[in-house]
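What follows is a single structure, written as structure tokens, with notes after it.
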Amino acid sequence: MKALLLIDIQNDFLPGGALAVPEGDKVIPVANQLQSRFEVVVATQDWHPTNHKSFAKNHSGKKPFEKIDLDGLEQVLWPTHCVQGTPGAQLSAAINLNKAEAIFRKGTNPEIDSYSGFYDNGHRKTTALADYLRGKQVSQIYIMGLAGDYCVYYTAKDALELEFETFLIEDGTRAINPDDFEKAKADITNLGGQIIQSNQL
Ligand SMILES: [Zn+2]
């Protein structure tokens, strides 16, 4: 069984949003076009409390995009984004989510960030996404969305570690930093994942 994972296609990551990914809106038509080809469609949603420690505003004297040590892990400090219940945290209204039976929220613990759809950044807690997919007999995972150098990348890495056959849909993904996305794609390939285009599906 094949699953499509739509990663964090939320208003704050789209043009005009608090943490806009360049050309982030370009992934939406790809998401809408591909869903009918998958038996299982799942979305993830970054969903932070306002006191989340990934926000620069919660560290005095720190600015967005500075890096700090947060409880033993390197943490990029972000502009305030995807705050629970705000319009910026909503999945884009332009995505057709009729086939998405489940939305997995992440980043809810104020003490730790969560890029991957499967675990927080320290692998301290699971979202239960892997159990959900296994419960649906999914063995192949196709990942796309925002952003390619963070949440898409870490989701793909965890999918590989969890021994799913893993594909990253490149034209359905946009990144914050293109150089970091190149490194991310190389890493995914090295770990046994595949980088594909939506027209190969
Ligand atoms: Zn976040």
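The values are calculated or read from the model by the stated rules, or taken from the named source; none is laboratory data. In this text the structure is predicted, and so the values were computed from the model without any measurement. A quick note on method: Cβ atoms are made from the backbone with ideal geometry, for glycine too, and the neighbour counts reach across all protein chains shown. Heads up: the accessible areas ignore ligands, DNA and RNA and are worked out on the full protein's heavy atoms, side chains in. Shrake-Rupley method; radii C 1.70, N 1.55, O 1.52, S 1.80 Å.
Residue under question is residue 149, and the condition is that it be in contact with a Lys or Arg (Cβ under 9 Å, 6 or more places away or on another chain) and within 25 Å of residue 55 (Cβ to Cβ); does it hold? Here the answer is yes, as residue 149 does meet what is asked. Here is the figure for the range 129-149: residues that are open to solvent by 30 Å² or more (accessible area, probe 1.4 Å) and either closer than 23 Å to residue 81 by Cα or free of Cβ contacts under 8 Å to residues at least 24 places away in the same chain (or both) total 3. Residues that are within 16 Å of the ligand (Cβ to nearest atom) and within 24 Å of residue 194 (Cβ to Cβ): does the range 121-142 have at least one? Yes.
Checked against (1) modelled with pLDDT of 95 or more; (2) open to solvent by 50 Å² or more (accessible area, probe 1.4 Å), residue 125 passes all but a single condition, namely (1).
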